[in-house]
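Undergrad: Shown below is the structure under consideration.
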Amino acid sequence: MTLGEALGLTDAQERRIVRGLQLVLVALLGYGGATFQFGITGTAGFALGITLLPAWLRREYGYSMDAGLVLWITTAVILHTMGSLWFYDVYQWYDEIAHTVSASVIAGLGYAAFRAFELHSDEMNVSSTFRSVFIVVFVLAIGVFWEVLEFALGGVVVTVYGIDDIVTDFVFNAVGAVIVAIWGTGYVSELVGFFRRRLRSKPEN
């Protein structure tokens, strides 16, 4: 089952939602430029670029990503973009939701890449438990990289809130990773297939 089927939305409905969210990012990009708030401009521009990656994959490699997966990715980036305005400052729970959703996206992508390599290599044969552990470790490693980046760009593009916020971020990054490890790996099977084709893997028996 694809994520689109699980959501119960048609491809057309999901694409309309994605387009609407992209328009919000364009509006934020314009607002940031008009008010000289370049932190907002940078965040919105980066997020918009991520939402355009599925279209680039389709044009360059002929891979049409499941509309539900596109919506999943778009929701994650717009949650963080909206948070950078003022939601993070006002609502602690908003930061927790944003990190859980974005971590689940990272977990899905990491799992898909790992599973593709596993199926590509005759020498790799790991248990489902190991895959679950890999997902969590992978997400936490990306989280470390992101926190270092936040400190490097602190005050310029992103706001650094302190050690307590970092600990909370890691907790909810782990929550997002565990959710995918337990329930979400089946939703990225098409992405696993795409990675395998890029690796020129033999068909799975």
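FYI, it's all coordinate maths here, none of it is from the lab. None of the values given here were measured: they were computed from a predicted structure. Here Cβ is always computed from backbone atoms with ideal geometry, including for glycine, and neighbour counts include all displayed protein chains.
Undergrad: Please return the ranges of helices (runs of 4 or more DSSP H) entirely within segment 1-116 where 1 or more residues are polar (S, T, N, Q) and either touching a Cys at 6+ places or on another chain (Cβ under 9 Å) or under 29 Å from GLU147 (Cβ atoms) (or both).
TA: Because the criterion is at least 1 residues that are polar (S, T, N, Q) and either touching a Cys at 6+ places or on another chain (Cβ under 9 Å) or under 29 Å from GLU147 (Cβ atoms) (or both), the helices (runs of 4 or more DSSP H) in segment 1-116 that meet it are 11-34, 38-51, 67-82.
Undergrad: Within segment 100-120, is even one residue within 19 Å of LEU28 (Cα to Cα) and crowded, with 20+ Cβ neighbours inside 10 Å?
TA: The answer is no, given that none of the residues of segment 100-120 is within 19 Å of LEU28 (Cα to Cα) and crowded, with 20+ Cβ neighbours inside 10 Å.
Undergrad: Give all pairs with beta carbons closer than 8 Å in which a residue from segment 79-92 that is free of Cβ contacts under 8 Å to residues at least 40 places away in the same chain meets a residue that is among the polar types (S, T, N, Q) and surrounded by 20 or more Cβ atoms within 10 Å (Cβ to Cβ); count only pairs at least 6 apart in sequence or on separate chains.
TA: Going by the 8 Å Cβ cut-off, the qualifying pairs are LEU79/SER102; HIS80/THR43; HIS80/SER102.
Undergrad: Moving on to the next point. So if I check each of THR51, THR43, which one is under 15 Å from the mean Cα position of the chain (by Cα), crowded, with 17+ Cβ neighbours inside 10 Å and over 21 Å from GLY108 (Cα atoms)?
TA: Residue meeting the stated conditions: THR43.
Undergrad: Applying the selection to segment 123-138, what residues are closer than 17 Å to TRP183 by Cα and either in contact with a strand residue (DSSP E or B) (Cβ under 6 Å, 6 or more places away or on another chain) or outside any helix (DSSP H, G or I) (or both)?
TA: Answer for segment 123-138, where residues must be closer than 17 Å to TRP183 by Cα and either in contact with a strand residue (DSSP E or B) (Cβ under 6 Å, 6 or more places away or on another chain) or outside any helix (DSSP H, G or I) (or both): just SER127.
For every residue, the table says whether it meets (1) free of Cβ contacts under 8 Å to residues at least 12 places away in the same chain; (2) touching a strand residue (DSSP E or B) at 6+ places or on another chain (Cβ under 8 Å); (3) of a type in the set (Phe, Trp, Tyr).
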| residue | (1), (2), (3) |
| --- | --- |
| GLY108 | no, no, no |
| PHE117 | no, no, yes |
| SER121 | yes, no, no |
| LEU140 | no, no, no |
| ALA152 | yes, no, no |
| ASP165 | no, no, no |
